[in-house]
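Taking it in order: structure first as structure tokens, then the write-up.
The values are calculated or read from the model by the stated rules, or taken from the named source; none is laboratory data. Not measured: the values here are computed from a predicted model. Using ideal geometry, Cβ is built from the backbone for each residue, glycine included, and neighbour counts are taken over all protein chains shown. Just so you know, the surface numbers come from the protein's heavy atoms only, side chains and all, with ligands and any DNA or RNA stripped out. Shrake-Rupley method; radii C 1.70, N 1.55, O 1.52, S 1.80 Å.
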Amino acid sequence: MMSGKNIALLYQALSPPMIDGLRKDGKPGGYSDGGADIAFTLKQHHRSVITPSKNPSAHVAFDWVFPDTQEGIDAALKAGATHLWLNTVLFEGHPIEKAPSTIYKIGQTTKAMQRFDDKFETNYLLSQRNLPVAQSYLVGQQVHTGILSLSELQKKIEQGQMSFPLVVKPVRGRGSQGVSVVHDFSHLKTTLEQLQQEQKFGSYFMVEELLEGKEITLTIMPPIAGSDRWEAHSDYWALRPVYRFNQKDYIAPYNGDTPVTENSAAIGLTELQSVEMQAIVQACVKAAEMVEARAPIRIDCRANKAGIFKIFDLNMKPNMTGAGRPGREKQDCLSMISIRAEGWEFIDLLDMMIASAWR
């Protein structure tokens, strides 16, 4: 038992607000599945877990997690929580900001998550630091500074500044939701019109170069004190990259439909030592430093035709599901696939995250 650490898991019950005309569509269940996986595994390993139900059922996710509302946070604190695990999407003005300063948090700051959930701004900032990033433009119906009209984008394509196929995606997206590859201008136009009609993600979108090589995902961990199970890291550090395969038209299927364990595997140690792989690992470590991550982040990268990897998606809130609960045998997230390649278990990743708690 971890003395004095009483951990409560929060899930996303609050809808994220519109930010600059954009919204991040909520995940069905609000990450309650991953929150329950975390809480269940902690309890199995005799860590002190606070749950809303006195006798939580392994089969009922909401028995293990508190809503991230003011009422939910208050209930967790009243039940004795000393650590709040922020397994939710944060934004400035989120009720977690009112939690007492004595309470530890496991997760990101509201300010960092709101800022760096904007994929376009994040990629722009990374490119300003000379990190390798996929080229992209913002495109929308209402044109203002930094946002192109379709005809302006068409000109850039005609001038050879971008070429098909291209990727269209939400600026504040989640996973592969709303992401598609377009092969010509009419396809681009109908895709953008359809996304705008749905009004799910906001009024403008990213159009990004398609990188046609290998796709990998890196989990970057925050600095952490050492223990008998892992060594200390005084700076950000990378878990082993995970290779993504069996994609449909360059897009990974949504993990709610196809578990990532079926289309992902940790890369081998020989490949890890390659010049290209070491370069992207170092770039991703620098990216985590730039966004001041307080907890693990996930960075998706792809190689271009020359085999050079570029960052295309930095996720401040990676999925953190893990096998353990009955019926969840295939639910390891990408970070877990990487952790298992090093001989660690789900509890090791969770204990590392607890060790990086802040207040």
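Values as computed for the structure displayed
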| item | result |
| --- | --- |
| In the range 5-42, residue surrounded by the most Cβ atoms within 10 Å (Cβ to Cβ) [restricted to those that are polar (S, T, N, Q) and modelled with pLDDT of 95 or more] | 32 |
| Every residue from the range 21-51 that is without any contact (Cβ under 8 Å) to a residue 24 or more places away in the chain and closer than 26 Å to residue 204 by Cα | none |
| The listed residue being under 19 Å from the mean Cα position of the chain (by Cα), open to solvent by 20 Å² or more (accessible area, probe 1.4 Å), among the hydroxyl-bearing types (Ser, Thr, Tyr) and modelled with pLDDT of 90 or more, out of 124, 137 | 124 |
| The range 70-102 - residue that is part of a loop (DSSP other than H, G, I, E, B) and touching a Leu at 6+ places or on another chain (Cβ under 6 Å) and, of those, nearest to residue 38 (Cα to Cα) | 87 |
| Test: residue in the range 275-291 that is buried (at least 16 other Cβ atoms within 10 Å of the Cβ), assigned to a helix (DSSP H, G or I) and modelled with pLDDT under 95 | no |
| Set 105, 54: member being touching a residue at least 60 places away in the same chain (Cβ under 8 Å) and of a type in the set (Lys, Arg) | 105 |
| Qualifying positions in the range 306-350 - among the small types (Gly, Ala, Ser), closer than 16 Å to residue 43 by Cα and open to solvent by less than 10 Å² (accessible area, probe 1.4 Å) | 322 |
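Here's the yes/no breakdown for (1) open to solvent by 30 Å² or more (accessible area, probe 1.4 Å); (2) among the charged types (D, E, K, R); (3) in a helix (DSSP H, G or I); (4) farther than 19 Å from residue 298 by Cα:
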{"site": "151", "(1), (2), (3), (4)": "yes, no, yes, yes"}
{"site": "161", "(1), (2), (3), (4)": "yes, no, no, yes"}
{"site": "167", "(1), (2), (3), (4)": "no, no, no, yes"}
{"site": "177", "(1), (2), (3), (4)": "yes, no, no, no"}
{"site": "181", "(1), (2), (3), (4)": "no, no, no, yes"}
{"site": "191", "(1), (2), (3), (4)": "no, no, yes, yes"}
{"site": "207", "(1), (2), (3), (4)": "no, no, no, yes"}
{"site": "212", "(1), (2), (3), (4)": "yes, yes, no, yes"}
{"site": "218", "(1), (2), (3), (4)": "no, no, no, no"}
